[in-house]
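See structure below.
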Amino acid sequence: MDDVTFYTSGSSGQAKAIVRTERTLCADAEALARAFPEIWSSRPAVVSTAPKDHLFGTLWRELVPEVLGLVSDPESVISIEQLAAAHEKYGRFLFATTPSFLEKALGHPDIAALKGAFVGIVTSGGLLRTATSRAVMDTLGVCPLEIFGSTEAGTVAYRRQSEGELWNVFEGVSAMTDAEGRLVVDSPYLDERPFVMSDAVVFEGPKRFRLLGRTDRRKNGNGG
């Protein structure tokens, strides 16, 4: 695997090229493979809505399955019908997706028929509303695992809202706040160490924090 260039718009709306090295991407994937034995122990296939040219897709659709020797479905899911087909093909599977897809999926008349199909549901690319997390749990029997990070910072923290609102910093990641309350992280998944994120947080323990909002949006008068 070579270094990978990702393009992200961030809060400015203008595309920005971010190069992630092979070393940091592989370290990130190996950490995710170690972190969730309750998901990986049954050796599920991985099915996803995430594009392969986004960090979330690269990690969860390509690198983590490669580390663990798992099957990753080559098709990007865009419909409930595809999820039903994946259930027929693989039995139970891990579903990596976005909060927006889950919110739309909950309105589909056939979504409840997929209860029991998911070994786990992983989300990234935005915050999952508490109401959505609860509805997914009630409808599908799985509380989504939310991953927090960024293209530059890599994987930083995770949570399941059935266990509370706070985010848990991954093992191997050092996290603190700067004078402006922004999250500062240092980890093997970084090419620029340490990295100051545009997220305001407050720590409620050495490895647990509450997200307060984006500091760049506050400066632009867009709220938190």
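Would you please name the residue that is least open to solvent (accessible area, probe 1.4 Å), looking only at residues in segment 163-184 that are out of contact with any Phe, Trp or Tyr (no Cβ under 9 Å at 6 or more places or on another chain) and under 21 Å from R20 (Cα atoms)? Only one residue tops the list, namely S174.
Across segment 185-200, the qualifying residues are those that are closer than 21 Å to E146 by Cβ and either of a type in the set (F, W, Y) or more than 18 Å from the chain's Cα centre (by Cα) (or both), and the one among them that is surrounded by the most Cβ atoms within 10 Å (Cβ to Cβ) is Y189. Where strands (runs of 3 or more DSSP E) sit wholly within segment 170-213, those with at least 2 residues that are of a type in the set (D, E, K, R) occupy 182-186. Given the condition open to solvent by 10 Å² or more (accessible area, probe 1.4 Å), farther than 23 Å from H54 by Cβ and charged (D, E, K, R), answer yes or no: does some residue in segment 141-162 qualify? There is no residue in segment 141-162 that is open to solvent by 10 Å² or more (accessible area, probe 1.4 Å), farther than 23 Å from H54 by Cβ and charged (D, E, K, R).
For (1) touching a residue at least 12 places away in the same chain (Cβ under 8 Å); (2) under 19 Å from C143 (Cα atoms); (3) among the basic types (K, R), each residue gets a yes or a no:
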| site | (1), (2), (3) |
| --- | --- |
| L70 | yes, no, no |
| V77 | yes, no, no |
| A85 | no, no, no |
| Y90 | yes, no, no |
| A96 | yes, yes, no |
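Read through the list (1) touching a Lys or Arg at 6+ places or on another chain (Cβ under 7 Å); (2) within 27 Å of G141 (Cβ to Cβ); (3) free of Cβ contacts under 8 Å to residues at least 60 places away in the same chain, then give the number of the only condition that P44 fails. It is condition (3) that P44 fails. Kindly indicate whether D138 is touching a residue at least 60 places away in the same chain (Cβ under 8 Å), outside any strand (DSSP E or B) and open to solvent by 50 Å² or more (accessible area, probe 1.4 Å). Answer is no for this residue.
Checked against (1) part of a strand (DSSP E or B); (2) open to solvent by 10 Å² or more (accessible area, probe 1.4 Å); (3) among the aliphatic types (A, V, I, L, M); (4) in contact (Cβ under 8 Å) with a residue 40 or more places away in the chain, L127 passes all but condition (1).
The values are calculated or read from the model by the stated rules, or taken from the named source; none is laboratory data. Quantities reported herein were computed from a predicted structural model and do not represent experimental measurements. Here the Cβ is made from the backbone with ideal geometry for all residues, glycine too, and neighbour counts use every protein chain on show. Keep in mind that these areas ignore ligands, DNA and RNA; they rest on the heavy atoms of the full protein, side chains included. Shrake-Rupley method; radii C 1.70, N 1.55, O 1.52, S 1.80 Å.
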